[in-house]
Every structure is written in structure tokens, then in C-alpha cells.
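Reading through the C-alpha cells given below for one structure.
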Amino acid sequence: MAQLDKTSFQLPIENPAAEDFLPLLGTDYVELYVGNAKQAAHYYMSAWGFQPLAYAGLETGLKDRVSYVLQQDKIRLVLTSPLKSGGDINRHIDAHGDGVKSIALWVDDATKSYQETTKRGAESYMEPKTMEDDKGKVVVSGIHTYGETVHLFVERGDYKGVFMPGFRAWDPVYKPSDVGLKYIDHMVGNVGWNEMNKWCQFYEKVMGFAQLVSFDDKDISTEYTALMSKVMSNGNGRIKFPINEPAEGKKKSQIEEYIEFYNGAGVQHMAMATDNIIETVTALKNRGVEFLTVPSSYYEDVLDRVGEIDEDLEPLSELGILIDRDDEGYLLQIFTKPILDRPTMFIEIIQRKGAKSFGKGNFKALFEAIEREQESRGTL
């Protein structure tokens, strides 16, 4: 991996209530446990424009698993599958299907990050471990968060290799072009009934985060379903974790559906940022990615609600891209249908034109679109 200039991460404090004692420089990578990493890698390359970066498996000395590493700008995905029956990866896939196991956070000091979080009550997942090869060393540690999800702290300032020790460069002939995805804007976790505050307190106490915004069932509800959500962020605003829980409604909400099929709490979606959402979504649709749709009536009065925007409304309407505004500016966003067979994880594409919020004005239209999908699956 090209080494990123750390000076670019010395950002002004965006969330002054956060203690930011770690601190976190950004998202290092997201690891998904999947049933077939080779085929999953082909999907994320072909449909999503990720580029091949690194590989670890039998050829590199691993006997129990294989991992493919993909990258697009600052977004890195690690896709890991088991090579033998039994073991934790198989059990995880059997329980949850494909899904996010690790959210790896880039830090200056993985040992200090581990010590600071565990002394504040975090359950240890991995004590600090140093991995070395002729390209240098990487230190990794980890803690548990909601469900079976873990946070890894990755210290790579002394490493010049492609990804980390144990991996080799992966350079296949097939390299579809990227689609303009830049970085992970936020990652959303779904937790069980009445667990949202517990996990928000975890991020506040254990990791020094602070609440950016909250939404209750009056904000996020339709005639049939509702949920509650709070957004936790670190001080520099690079890491934002909205936490959702179900709320009472007439029918089964998307959060309940997720928890039923994922068998517990987990990552519901990754929001990936782009600088040109029209070009990105057009490319994704041309590659077969399916998005939720809203009625054309959404666009009849949307500009009355959000005011003037730079983009023409027609291509936004044709693609189904939603618009919302806050005191800082506006944003454009769209959500895929579940990208897995189980109705669990999906991906959001977001372009921020100054806005710091999460599209509150779109919640009703979005949730009605999700309910239409739930109804087609017979899970509403």
C-alpha cells in the first residue's frame, strides 16, 4: 500500500465533546468473513471497482484461511474464507452468513490503544502483536464491540510493504476500472432491543467518542415500522459509528429483520463517499449493482425542502439519488439493496456538499422503500 502522509490527518477537532485519547487516524481496513473469498473478490472488483492489492493463503504459508485485499482510494476491504472445516471462521459464517468481522482502525500506537481501551472496560480480542518481514513491522491489537464484531488497532508507521507481513502483492491481469469511491464516511451497527444506549456508552467510555446526533422513533418511522439511532464520533470526525436499535411498530422493522437473519448484532452498512455521485452510481448500475428506489413524487417538491443545489435534478431523479440539507450544506445519498443473499448488509453511497448530517429528511422515503423490499421477501 502506498504510505499515506500522516500530516494530512491532523484535522481540526470536529467533535469537541470527544476525549479522543487514542487518537484514531482513520479506517485502516474492513475485514469480511465470506464463504468464498476468491469469488467475493471478483464481485467487489467487477461490480464495485476495487483494485487487487494483496493476498495471503496456502502459497504464503497459511493453512487455515485465505484472504484477498482490495483497495479503492482510501477504502480497503479484506475478504477472508476458511480453508478447512470447523474453526471460528466457519462458525461465524454459519451463524451470520457473509459479514463484517473486523473494523480495523489506523493508530500511531496499537499497544497504547489496547491499554487505554481495556483499562476502561473493553474486552480483549487480541493482545498487541508485532508482525515483521523485510519491509518492516506492523503492530496489531484488538477489542470486542457489539455482537461478534471487533475493532483492531493497526500501527503501520514502520512498514513499507504492500499491506502487512504475511501478505504478498496480488497483481492479476483482470483489473476493472474504479467507480470513484474515496473513503468510508461511516459504518452503521444494528443492535438488539434497548441496547443502543449501552453501546453508545461503550464508545463514549471505552474509546472516547461523543454523540454527534440522535434520532428517535418520531424521526425514523413509517406507518408500519420504526427504529432509534445515535451517531457516535471520535474527535477529528474521521470515525463515525451510528448505532441503531429497533423501536415498536405495527410490523417487523428492518433492524428486526437484520437481527433475525444475522443472528445478532452486527454491521448493517458501510457508507462510502464519492466526489461525483451521479458518475459513481451510473457506473455501479451499469455493472449490475441494485439500488433501492423511491417514487418519482419524491422529486416533485424536494427542492422546495432542500433549496438550490449544484446538480441538475433530472439525473438525480433518474438514478433515485436522495437529497437533504442541514445548517452546513447539503448531501446526496443512495442505498443499495442487500448485497448478500441474507437481507443483512448493504452499502450507502454518499456525497457531501458541506453537510455533516445523515439525511434525516430522507428517512421516511428510504424506510418506505426498504419496507417494499421487506414485503417482497415476506419479512415485513
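The values are calculated or read from the model by the stated rules, or taken from the named source; none is laboratory data. Keep in mind that this is a model prediction, so the values were computed, not measured. Please note: Cβ atoms are built from the backbone with ideal geometry, for glycine as well, and neighbour counts cover all protein chains shown.
Points worth noting:
- Output for the range 63-81, where each listed residue is closer than 22 Å to Asp28 by Cα and in a loop (DSSP other than H, G, I, E, B): Asp73, Lys74
- If the condition is being closer than 22 Å to Gly161 by Cα and assigned to a loop (DSSP other than H, G, I, E, B), then the range 40-62 contributes Phe50, Gly57, Gly61, Leu62.
- Flag for Ala273 being more than 28 Å from Gly49 (Cα to Cα), buried (at least 18 other Cβ atoms within 10 Å of the Cβ) and at pLDDT 95 or above: no
- Single unsatisfied condition, Lys101 versus (1) of a type in the set (Lys, Arg); (2) part of a strand (DSSP E or B); (3) surrounded by fewer than 22 Cβ atoms within 10 Å (Cβ to Cβ): (3)
- Looking only at residues of the range 313-336 that are part of a loop (DSSP other than H, G, I, E, B) and at pLDDT below 95, we find that the one that is surrounded by the most Cβ atoms within 10 Å (Cβ to Cβ) is Glu328.
- Inside the range 16-39, residues that are part of a loop (DSSP other than H, G, I, E, B) and among the small types (Gly, Ala, Ser) make up a count of 3.
- Checked against (1) over 30 Å from Met196 (Cβ atoms); (2) more than 24 Å from the chain's Cα centre (by Cα); (3) free of Cβ contacts under 8 Å to residues at least 60 places away in the same chain, Leu62 passes all but condition (3).
- Count of residues meeting criterion [of a type in the set (A, V, I, L, M, F, W, C), crowded, with 20+ Cβ neighbours inside 10 Å and over 17 Å from Ile347 (Cα atoms)] in the range 44-61: 3
- The set of residues in the range 114-149 that are over 19 Å from Val267 (Cα atoms) and within 21 Å of the chain's Cα centre (by Cα) comprises Val140, Ser141.
- Flag for Lys175 being surrounded by fewer than 16 Cβ atoms within 10 Å (Cβ to Cβ), closer than 24 Å to Thr117 by Cα and at pLDDT 90 or above: no
- Filtered by the rule that a residue be at pLDDT below 90 and of a type in the set (A, V, I, L, M, F, W, C), the range 193-238 gives Leu212, Val213, Phe215, Ile220, Ala226, Leu227, Met228.
- Only listed residue being assigned to a strand (DSSP E or B), surrounded by fewer than 17 Cβ atoms within 10 Å (Cβ to Cβ) and out of contact with any Cys (no Cβ under 9 Å at 6 or more places or on another chain), chosen from Lys137, Lys84: Lys137
- Residue list for the range 160-199, restricted to those being without any contact (Cβ under 8 Å) to a residue 40 or more places away in the chain and among the basic types (Lys, Arg): Lys198
- Subset of the range 167-181 [closer than 22 Å to Gln39 by Cβ and part of a loop (DSSP other than H, G, I, E, B)]: Phe167, Trp170, Asp171, Pro172, Val173, Tyr174, Lys175, Pro176, Ser177, Asp178, Val179
- Some residue of the range 204-211 being assigned by TED's automatic domain parsing to the domain that holds Asp108, in contact (Cβ under 8 Å) with a residue 40 or more places away in the chain and on the phi < 0 side of the Ramachandran plot: no
- Selection from the range 337-380 of residues that are of a type in the set (D, E, K, R), assigned to a strand (DSSP E or B) and buried (at least 18 other Cβ atoms within 10 Å of the Cβ): Glu348, Arg352
- Residues that are at pLDDT 95 or above, buried (at least 21 other Cβ atoms within 10 Å of the Cβ) and outside any strand (DSSP E or B) occur in the range 157-165; there is at least one.
- Taking the listed residues Phe153, Phe202, Phe209, the one that is buried (at least 18 other Cβ atoms within 10 Å of the Cβ) and within 30 Å of Ser46 (Cα to Cα) is Phe153, with no other qualifying.
- Top-ranked residue in the range 32-43 [being of a type outside the set (S, T, N, Q) and surrounded by fewer than 20 Cβ atoms within 10 Å (Cβ to Cβ); ranked as nearest to the chain's Cα centre (by Cα)]: Tyr43
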